[in-house]
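Worksheet: one structure, shown below.
Read-outs throughout are calculated quantities, based only on the coordinates presented, and are distinct from any laboratory measurement. The shown structure was predicted, so the numbers you read here are calculated from the model rather than taken from an experiment. Here the Cβ is made from the backbone with ideal geometry for all residues, glycine too, and neighbour counts use every protein chain on show.
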Amino acid sequence: MSETVLMKGNEALGEAAIRSGCRHFFGYPITPQTELSAYMARKMPKIGGTFLQAESEIAAINMVYGAAAAGVRAMTSSSSPGISLKSEGISYIAAADLPCVIVNIMRGGPGLGGIQPAQSDYFQATRGGGHGDYHLLVLAPNSVQEMACLTADAFNLSEKYRIPAMILGDGTLGQMMEPVDFSALPKPVFAEKPWATNAMGGRRGPNVIKTLYLLPEELEATILEREKKYDFLRENLQRYEARFTEDADIILCSYGITSRVVETAVRELRNEGIKAGIIRPVTLWPFPEKIFKQVRPKAYLSVEMSMGQMVEDVKLACECRVPVYFTGRTGGIIPSPAEVIAKVKEIHREVCAVV
Amino acid sequence: MAYKIILAGFGGQGILFAGKLLAYAAMLDGLQLSWLPSYGPEMRGGTANCHVIISREPIGSPIITNPDALIVMNGPSLDKFEDQLQPGGTVILDSTLVGRPVKRGDVDTVCVAATEIAESLGRKGLANMVMLGAFLKKTGLFPVESFNVAIKKMLGENKQELAEANITAVSAGFNAV
Amino acid sequence: MSEVIYKKPDSLSDKPFHYCPGCSHGLVHRLVAEVIDELGIADNTVAVAPVGCAVTADEYFRFDTVQAAHGRAPAVATGIRRALPDRFVFAYQGDGDLAAIGTAETVHAAARGENISIIFINNTIYGMTGGQMAPTTLPGQVTQTSPYGRDPYTQGYPLHICEMLSALNGPTFLTRTAVDSVPHIRETKKAIRKAFSYQLQGKGFSLVEVLCACPTNWGMSPTDAVRRITEEMIPYYPLGVYKEEV
């Protein structure tokens, strides 16, 4: 049965987390993700869950670390500057192979930056943020419906593969309202957690969650073991949406809210006879590089709300066989379809010129 | 085709709520929609606005650069958005609070003394609903009856008295055009 | 026929401590393990280890242990506590961990009255990194990073954690003990037992600050180090119960 309601992205995300079995949320206020904390603060006490406003982002992520170690589905959310603070804890969670969901409703940076939407934390999300050899599973919704569905996926995948998952949204997706149908949510699939530090009772010996390995050989072995998991995910978990790519001269790559601007732009370009296509990565890590091996455009254009971060992954994925361009706005400004169209036409003149 | 509406005014006038109501009515009609608010310091005392897109097709960008309609409840908002309006677009303005006429000659303007009408109803806070009534009359986007159902559903069982007051205000706006 | 009159607590593993001669960690580990044995709660315990010399506490304790990031043990313990309301959760932290980098986590876990217990090892120095100035380093004390003696004028004054936390409503049991004499060691064990019992009774946040020795980084023999606790530390950090709610 359809359960369509009108909801803000932040709230839909919270509701999806609860429906996915998350009963432990540790937050700290920051614009523009605050509605998520507020939603959890309203709902959790009524369903026997925990909402705790921590003393800092650092404390919040470490509470998630503790709760995840104890074996429950735990979540925290923040926006860009707060994610920087959480990065320490994220590195530890990745090192301890703990499942959890971290939400970044991005705003403009660096520094305190601004509070308007941005996508300038792509590097932070996909390249680390914290220290060490690790990855997060990074999911990038582009609608309120996906804010909900990908959150449910994030909990399942994170638990299945023991990898922290990040929902990488932005201020627009967090604040906007769209109809969302919760009957379409992936059902929670709970994994066994024989590793959890939930006290020994019944077990033979103690469980330990740790991240310190003083012998380099021992540390290297844990990293190599984790890398096998990363390789598996790289091979099996790439998700994307590709549209109009078969005959496309220029393929526009964008994720999140920007992909909707691109969608509008591409429809207009097609109406004008310019063969534009779209690749929208849904997983930013693992980056959906396989699709880039199947298409043959004359150029790519990465459209982002940053100074060009995902563009590097586009270059790697297509191995620079054709030119890769970038356009975008940053600091809290969303590029307009007109700006994107103008850039595509400029590229079109360069790469599709009749000789 | 998508119909794109920007609602704008001071924080506290119920701009975001009025936009939500349009979005909600669209959802009940089985249409596609998006509602995007301005957020941040603007919400507190400054100007507030929201972008509402209603469409039969999936909606691309939820950000409106060229609205089909503008519902404005203060002068600064008219200054900010007037130039963005599509040629042939519609402006509904609260003539109680907007001190100047619309400069553009290529748009359709409806002036309604929304705040004054709401005050006469004893509910100054419902000027936003008066504006929506005028907007519905002018555009015919939703029949008033189905819009009233949206109001009742959105406010819920416990706020039916408030829903009735909203409906009265919408009706006053509808009849003022 | 011989009789066992003294043995290693069940809650300690067979692994020999790596701690330096005269270091108090082994002693306090043992006290903690004895209390856990006596209360019969090993099967129900989740411990949080700090960053510092006790980072590998999991190798000695025979119950579930989570290693926290530096200073974050109270936050990690909070997460475990909220996930597992019926378990026994304690954190074991040193002075740099608890009173410098983790001050916020300490103060707020205490202010929330989080139902956890904390064992706070105060030895006035960073041990694991080789003897730097700690938040509890005494005025005049020479360390690697206060080579001319801690000068309060430029390096500030030490933190009195029990006194500070006693100003909060959240904690229910706060005490400072020492391990410089047999009676004091006995009192320390009693304090740990009381703190743990408070948690088992759901009374909320408790902390036992133990004045400990770090002979290696103090540049002293183990016996001189114990004497320093008595002669220099106890006068500066008075022993006693700072808060006790019945």
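Normalising the average separation of contacting C-alpha pairs (under 8 angstrom, six or more residues apart) by the number of residues puts the relative contact order of the range C:25-244 at 18 percent.
Within the range A:241-351, antiparallel bridges make up roughly 20 percent of the DSSP beta bridges whose residues both belong there. Treating each Cα of the range A:25-96 as one equal point scatterer and applying the Debye formula with no solvent, the log10 of I(q)/I(0) at q = 0.12, 0.14, 0.22 Å⁻¹ comes out as -0.29, -0.39, -0.93. Full extension of the segment from residue A:321 to residue A:298, taken as 0.36 nm per residue of separation minus the current Cα-Cα distance, would add 7.4 nm. Its relative contact order, with pairs defined as Cα atoms under 8 Å and 6+ residues apart, puts chain A at 18 percent.
Based on the mean of other beta carbon atoms within 10 Å per residue, what is the order of A:149-155, A:246-252, most packed first? Walk me through the intermediate numbers first.
Details: A:149-155: 26.4, A:246-252: 21.4.
Result, highest mean first: A:149-155, A:246-252.
Taking one quarter of the surface of the C-alpha convex hull of the range A:230-275 gives a mean projected area of 4.0 nm².
If the chain linking residue C:190 and residue C:39 were pulled fully straight, counting 0.36 nm for each residue of separation and taking away their Cα-Cα distance, it would gain 53.1 nm. Convex hull volume per residue, computed on the Cα atoms of the range C:128-226, equals 115 Å³. Remark: spin-label model distance residue B:56-residue C:18 equals 7.2 nm, labels positioned 7 Å along the Cα→Cβ axis.
Can you give the mean number of other chain Cβ atoms that lie within 10 Å of the Cβ atoms in peptide A:167-176? Provide the component values of the computation, followed by the final result.
Details: counts 0, 0, 0, 0, 2, 7, 2, 1, 8, 10.
The mean count of partner-chain Cβ atoms within 10 Å per residue comes to 3.
In plain terms, the bigger the Kirkwood radius, the slower the diffusion; for the range B:1-124, with that radius from Cα pairs, at 37 °C and 0.692 mPa s, Stokes-Einstein puts D at 222 µm²/s.
Here the simple spin-label model places points 7 Å from the Cα toward Cβ, and for residue A:342 and residue A:203 these points are separated by 6.0 nm. Computed over the alpha carbons of chain A, Rg followed by Dmax gives 20.7, 77 Å. Note on the range A:130-205: percent of Cα-Cα distances in each 10 Å bin, starting at 0 and stopping at the bin with the largest distance, equals 17, 35, 28, 15, 5, 0.
Note on B:3-12: average number of Cβ atoms from other chains within 10 Å of each residue's Cβ is 0.
From helices alone, the protein assembly as shown scores -11500 deg cm²/dmol at 222 nm; the rule is -39500 (n - 2.57) for each run of n ≥ 4 DSSP H residues, then divide by the residue total.
Between the alpha-carbon centres of the range C:146-211 and the range A:286-334 there is a gap of 56 Å.
Working value for the range C:25-244: equivalent-ellipsoid semi-axes of 27, 18, 17 Å, each the square root of 5 times a Cα gyration tensor eigenvalue, largest first.
How big is the equivalent ellipsoid of the range C:1-97 along its three axes, where each semi-axis is √(5λ) from the Cα gyration tensor, reported in whole Å from largest to smallest? All intermediate terms of the calculation are to be shown ahead of the outcome.
Working: eigenvalues 117, 66, 16 Å².
Ellipsoid half-lengths, sorted descending, are 24, 18, 9 Å.
For a test of the definition: using alpha carbon positions, the gyration tensor, and the 1.5 limit on a/c, classify the range B:51-154 as rounded, prolate or oblate. Write out the running numbers ahead of the final one.
Working: a/c = 1.90, a/b = 1.06, b/c = 1.80.
In terms of gyration-tensor shape, oblate.
Using 12 Å as the cut-off for backbone N distance, which residues of the range C:212-246 belong to the label zone defined by a point 7 Å from the Cα of residue C:201 along Cα→Cβ? Hits in the range C:212-246 for residue C:201 at 12 Å: C:244-246.
Annotation: amide H of residue B:48 within the under-5 Å range of B:9, B:10, B:11, sequence separation 5 or more or interchain, hydrogens built in the peptide plane.
Note on residue B:32 and residue A:56: with the Förster distance fixed at 56 Å, the Cβ-Cβ geometry gives a FRET efficiency of about 0.85. Peptides B:31-38, B:82-89 ranked from most to least packed by the mean count of surrounding Cβ atoms within 10 Å: B:31-38, B:82-89.
Here the protein assembly as shown is described by how far its Cα atoms reach on the three principal axes: 105, 72, 56 Å, from widest to narrowest. Semi-axis lengths, largest first, of the ellipsoid equivalent to the range A:199-302 are 45, 15, 11 Å, with √(5λ) applied to each eigenvalue of the Cα gyration tensor. Assuming R0 = 56 Å, can you tell me the calculated FRET efficiency for the pair residue C:1 and residue A:222, based on Cβ-Cβ distance, to the nearest 0.05? My answer for the efficiency is 0.70.
The base-10 log of I(q)/I(0) for the range C:107-166, evaluated at q = 0.17 Å⁻¹, reads -0.65 [Debye formula, identical scatterers on Cα atoms, solvent excluded].
I'd like the FRET efficiency for residue B:160 and residue B:124, computed as 1/(1 + (r/R0)^6) with the beta carbon distance as r and R0 of 22 Å, rounded to 0.05.
Details: r = 21 Å, r/R0 = 0.95.
FRET efficiency, residue B:160 to residue B:124: 0.60.
Between the alpha-carbon centres of the range A:67-132 and the range A:260-280 there is a gap of 32 Å.
Place the peptides A:344-351, A:327-334, A:219-226 in order of packing, highest mean first, counting for every residue the other Cβ atoms within 10 Å and averaging per peptide. Write down the numbers at each step before the final one.
Values: A:344-351: 16.4, A:327-334: 19.8, A:219-226: 13.5.
Packing proxy ranking, top to bottom: A:327-334, A:344-351, A:219-226.
Among the listed pairs C:7/C:243; A:160/A:228; B:80/B:138; B:103/B:124; A:8/B:103; C:7/C:194, those with a Cα-Cα distance over 25 Å are C:7/C:243; B:103/B:124; A:8/B:103.
Compute the normalised compactness of the range A:1-135: alpha-carbon radius of gyration over 2.2 N^0.38 Å, N being the residue count. Spell out each step's value before the answer.
Values: Rg = 14.5 Å, N = 135, 2.2 N^0.38 = 14.2 Å.
Output field value: 1.02.
For the range B:6-96, trypsin sites (Lys or Arg not before Pro) meeting the loop criterion (DSSP other than H, G, I, E, B) and having at most 12 other Cβ atoms within 10 Å: B:44, B:56. Taken residue by residue and averaged, Cβ atoms of other chains lying within 10 Å of the Cβ of A:67-74 number 6.
Rounded to the nearest 5, what is the percent of antiparallel bridges among the DSSP beta bridges in the protein assembly as shown?
Values: 34 of 106 bridges.
Given both bridge residues lie in the protein assembly as shown, the antiparallel proportion sits at roughly 30 percent.
If you take the alpha carbon radius of gyration of the range A:241-351 and divide it by 2.2 N^0.38 Å, what ratio comes out, to two decimals? It would help to have the intermediate numbers written out before the result.
Values: Rg = 12.4 Å, N = 111, 2.2 N^0.38 = 13.2 Å.
Here the answer is 0.94, to two decimals.
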